[in-house]
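Participant: Before I ask anything, let me first share the structure, which is written out below as structure tokens.
The values are calculated or read from the model by the stated rules, or taken from the named source; none is laboratory data. Everything quoted here is computed from the prediction, not taken from an experiment. All Cβ positions, even for glycine, are placed from backbone atoms using ideal geometry, and neighbour counts span all protein chains on display. Side chains are part of the model used for accessible areas, which takes the heavy atoms of the whole protein and leaves out ligands, DNA and RNA. Shrake-Rupley method; radii C 1.70, N 1.55, O 1.52, S 1.80 Å.
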Amino acid sequence: MTSSGTNPEHRPHDHPVGSAAWELLLPAVSAPARTRGRSLQAALREAVRSGRLVPGTRLPSSRDLAADLGVSRGLVTEAYEQLTAEGYLRSGRGAGTWVGGAVRAARPRPRDLAPRPRGTRADFVAGTPDLSLFPRTAWATAHRGVLAELPHQDLGYPDPRGLPRLRAALAELLARRRGVVADPERIVVVSGVAQATTLLGFALHARGLPTVGVEDPGSPQHDALYAAAGVTTVPVPLDEDGITVGPLRDAGVRAVVTTPSHQFPTGIAYSARRRAELLDWARSVDGFVLEDDYDGDFRYDRAPVGALQGLDPDRVAYAGSVSKSLAPGLRLGWLLVPEALADEVVERKRTMDLGHPTIDQALFARFVERGDYDRQLRRCQRAYRERRDALVSALDEHLPGTEVSGIAAGLHVIAALPHRYGPQEKFLARLDAAGVTVRPLTDYAHARAEPDDEGGGVRLVLGYAHLSPTRIRDGVRLMAEAARH
């Protein structure tokens, strides 16, 4: 039994730790002389944290450990005193030095919370571009050029709107390619459309607009992003022309989020009539349209339709990014702000992160200025058109009768399978068992529809940009095989 008042966790071990255990400290004492003391302290501290030296372990005397390690006794004494002061060790006059019992930290193990594919045989989940198309060589060249030419003062805290050089380059690019009214003074460089959305949410909330309409079906991310800014989303249904203005008026909101050039996920483009009606609504309620141009550059059957913002830049906030054209990991995008929201958005950007990283901004500015970004867009356009064609052809071959809807654009299609493949829940279960990952259109609905009846069909949102034509054909074949079982 343990004697009264003695904590068994702190009781000395029967034998002091052997000299072999101190091999873990040898790399530390091999450090340069000026850093050897700090290295020894860090190594000893980590040995306690990781559990290699457990609470209650008796440590060698400073003289013995110094001899084992081949260092001065003063170095070891200083390490013991420092770690005793921090609580890692404990000591008593004439009683030696022991590992304390205060430490409970396990060795840190970093986790990766980034979304990853499930490792299935075929993954048709929409939203991811082909990351192998990232222009590494051109990007590296631009990076070297920027580091060579960037003025020292540009490494300080930037204008929260972004470097003037990048805002000027974006103004030219967006006016030329997307038909926006691009005043560089009203462009804010952001960490993708997600940050643009949050900034707009704060600006709307500050103006007393606590609710915002969202397309239904639409992006599931909007709810959480606006909620973070204290704004509630209200679903508004779509028809074949776009978001329906009657229900939008009935919702009582004064701001609405739209994807008019290529609606996500239905794939429709807003008609000219609906665009005009939407802007009339915004003017009548003194409100705003928030335009997410997430893949507006990618149209395969004709030139892309210009952005809605070009029709009324005082009523439309326009957001875009390089997530589909370069890589989402760059966290780089832009927001064109109506004048009424500009001050609030810029101030929120300042307090949120003090501005986007300057080297990244200068790099992308150079990339745009030298024509590299236009070349990248053309490269992606060719690749994604080929993959869309491969998907449509494979569906026609392996799942005959499937109807592909939406305009020929973007990185996904809507595939409506014949009713014989339903009901949807059973079809999805068969695909999951076969290792084929898809998402139905119903996953993007804010107002959930009733489940399909036994004769119901299946409507899928199929992403293809991240898959090679061969993998697309193989994936659709697997889908068809699973549907037959």
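Participant: From the list Ala228, Ala255, which one is small (Gly, Ala, Ser), touching a Gly at 6+ places or on another chain (Cβ under 9 Å) and buried (at least 22 other Cβ atoms within 10 Å of the Cβ)?
Facilitator: Details: Ala228 fails: buried (at least 22 other Cβ atoms within 10 Å of the Cβ).
The conditions single out Ala255.
Participant: Between a first residue in region 65-87 that is under 22 Å from Gly100 (Cβ atoms) and a second residue that is of a type in the set (A, V, I, L, M, F, W, C) and not in a helix (DSSP H, G or I), which pairs have beta carbons less than 8 Å apart while being 6 or more apart in sequence or on different chains?
Facilitator: Going by the 8 Å Cβ cut-off, the qualifying pairs are Leu65/Leu59; Tyr80/Leu59; Tyr80/Leu89; Leu83/Leu89; Gly87/Ala102; Gly87/Val103.
Participant: All but one of (1) of a type outside the set (Val, Ile, Thr); (2) open to solvent by 20 Å² or more (accessible area, probe 1.4 Å); (3) at pLDDT 90 or above hold for Gly70; state the number of the condition that does not hold.
Facilitator: Condition not satisfied by Gly70: (3).
Participant: Conditions first: (1) under 19 Å from Lys324 (Cα atoms); (2) outside any helix (DSSP H, G or I); (3) out of contact with any Phe, Trp or Tyr (no Cβ under 8 Å at 6 or more places or on another chain). Val461 passes all but one, so which condition is the exception?
Facilitator: (3)
Participant: Show the residue pairs meeting these rules: Cβ distance below 8 Å; 6+ apart or different chains; first residue within region 160-185 and over 24 Å from Arg348 (Cβ atoms) and in a helix (DSSP H, G or I); second residue open to solvent by 40 Å² or more (accessible area, probe 1.4 Å) and not hydrophobic (A, V, I, L, M, F, W, C).
Facilitator: The qualifying pairs are Arg177/Pro304; Arg178/Pro304.
Participant: So, in region 403-424, exactly how many residues are within 24 Å of Thr259 (Cβ to Cβ) and free of Cβ contacts under 8 Å to residues at least 24 places away in the same chain?
Facilitator: 2
Participant: Which condition from (1) assigned to a helix (DSSP H, G or I); (2) touching a residue at least 12 places away in the same chain (Cβ under 8 Å); (3) of a type outside the set (D, E, K, R) is the one that Leu335 breaks?
Facilitator: (1)
Participant: Ok, one more. Within region 106-119, is there a residue that is farther than 30 Å from Leu467 by Cα and touching an Asp or Glu at 6+ places or on another chain (Cβ under 9 Å)? Outline the logic, then answer.
Facilitator: Filtering region 106-119 for residues farther than 30 Å from Leu467 by Cα gives 106-109.
When the remaining residues are screened for being touching an Asp or Glu at 6+ places or on another chain (Cβ under 9 Å), the result is 107.
Yes - at least one qualifying residue is present in region 106-119.
Participant: While we're on this one: Which residue, of Asp301, Asp314, is charged (D, E, K, R), in a loop (DSSP other than H, G, I, E, B) and touching a Pro at 6+ places or on another chain (Cβ under 6 Å)?
Facilitator: On the way: Asp301 fails: touching a Pro at 6+ places or on another chain (Cβ under 6 Å).
On inspection, the qualifying residue turns out to be Asp314.
Participant: Take the residues in region 11-21 that are farther than 14 Å from Gly101 by Cα and surrounded by 13 or more Cβ atoms within 10 Å (Cβ to Cβ); name whichever of them is modelled with the lowest pLDDT. Even if it seems obvious, please write down each step before you answer.
Facilitator: If we filter region 11-21 for residues that are farther than 14 Å from Gly101 by Cα, which is where we start, we get 14-21.
From what's left, surrounded by 13 or more Cβ atoms within 10 Å (Cβ to Cβ): 16-17, 19, 21.
On the way: Pro16: 51, Val17: 55, Ser19: 48, Ala21: 52.
By that ranking, first place goes to Ser19.
Participant: Hey, among the residues in region 135-172 that are within 19 Å of Arg370 (Cα to Cα) and among the hydroxyl-bearing types (Ser, Thr, Tyr), which one's least open to solvent (accessible area, probe 1.4 Å)?
Facilitator: Top of the filtered list is Thr141.
Participant: Follow-up. Would you please name the residue that is nearest to the chain's Cα centre (by Cα), looking only at residues in region 119-159 that are among the acidic types (Asp, Glu) and assigned to a loop (DSSP other than H, G, I, E, B)? Spell out how you get there, then give the answer.
Facilitator: The initial filter retains those residues of region 119-159 that are among the acidic types (Asp, Glu), namely 123, 130, 149, 154, 159.
Next cut, assigned to a loop (DSSP other than H, G, I, E, B) only: 130, 159.
Working: Asp130: 15, Asp159: 24 Å.
Selected residue: Asp130.
Participant: Just checking, does region 398-415 include any residue being closer than 16 Å to Ile187 by Cβ and not acidic (Asp, Glu)?
Facilitator: no
Participant: Looking only at residues in region 259-316 that are open to solvent by less than 20 Å² (accessible area, probe 1.4 Å) and aliphatic (A, V, I, L, M), which one is nearest to Val180 (Cα to Cα)?
Facilitator: Checked region 259-316; the qualifying residue nearest to Val180 (Cα to Cα) is Ala307.
Participant: Name the residue that is surrounded by the fewest Cβ atoms within 10 Å (Cβ to Cβ), counting only residues in region 457-481 that are of a type in the set (Gly, Ala, Ser) and under 13 Å from Glu397 (Cβ atoms).
Facilitator: Our first condition is that a residue be of a type in the set (Gly, Ala, Ser); within region 457-481, this holds for 457, 463, 465, 468, 475, 480.
Within this subset, residues satisfying the condition of being under 13 Å from Glu397 (Cβ atoms) are 475, 480.
Working: Gly475: 25, Ala480: 18.
In this case the residue turns out to be Ala480.
Participant: Now for a different question. In region 192-298, which helices (runs of 4 or more DSSP H) lie fully inside it and hold 1 or more residues that are touching a Lys or Arg at 6+ places or on another chain (Cβ under 7 Å)?
Facilitator: Details: elements: 192-206, 221-228, 245-251, 272-284.
Qualifying helices (runs of 4 or more DSSP H): 192-206, 272-284.
Participant: Only one of these is closer than 22 Å to Arg375 by Cβ and surrounded by 22 or more Cβ atoms within 10 Å (Cβ to Cβ): Leu332, Leu341. Name it. Explain how you work it out, then say what you get.
Facilitator: Working: Leu341 fails: closer than 22 Å to Arg375 by Cβ.
So the residue among Leu332, Leu341 that is closer than 22 Å to Arg375 by Cβ and surrounded by 22 or more Cβ atoms within 10 Å (Cβ to Cβ) is Leu332.
Participant: Scanning region 198-222 for residues that are open to solvent by 10 Å² or more (accessible area, probe 1.4 Å) and touching a Phe, Trp or Tyr at 6+ places or on another chain (Cβ under 7 Å), which turns out modelled with the highest pLDDT?
Facilitator: If we take residues in region 198-222 being open to solvent by 10 Å² or more (accessible area, probe 1.4 Å) and touching a Phe, Trp or Tyr at 6+ places or on another chain (Cβ under 7 Å), then Pro217 is modelled with the highest pLDDT.
Participant: Cβ-Cβ under 7 Å, sequence separation 6+ or interchain: first residue in region 425-441 and among the charged types (D, E, K, R), partner in a strand (DSSP E or B). Which pairs?
Facilitator: Arg439/Val461
Participant: Could I ask something else about it? Starting from residues that are of a type in the set (Ser, Thr, Tyr) and not in a helix (DSSP H, G or I), keep the ones in region 73-118 and report whichever is surrounded by the fewest Cβ atoms within 10 Å (Cβ to Cβ). Explain how you work it out, then say what you get.
Facilitator: Applying the first criterion (of a type in the set (Ser, Thr, Tyr)) to region 73-118 yields 77, 80, 84, 88, 91, 97.
Cutting the leftovers down to not in a helix (DSSP H, G or I) gives us 88, 91, 97.
Values: Tyr88: 21, Ser91: 15, Thr97: 22.
Looking at residues that are of a type in the set (Ser, Thr, Tyr) and not in a helix (DSSP H, G or I), I get Ser91.
Participant: Also: Of all residues in region 22-52 being within 16 Å of Leu89 (Cβ to Cβ) and of a type in the set (Lys, Arg), which is surrounded by the fewest Cβ atoms within 10 Å (Cβ to Cβ)?
Facilitator: Arg52
Participant: Continuing with this model, one more query. Tell me, which residue of region 53-67 that is within 46 Å of the chain's Cα centre (by Cα) and open to solvent by 30 Å² or more (accessible area, probe 1.4 Å) is farthest from Gly87 (Cα to Cα)?
Facilitator: Val54
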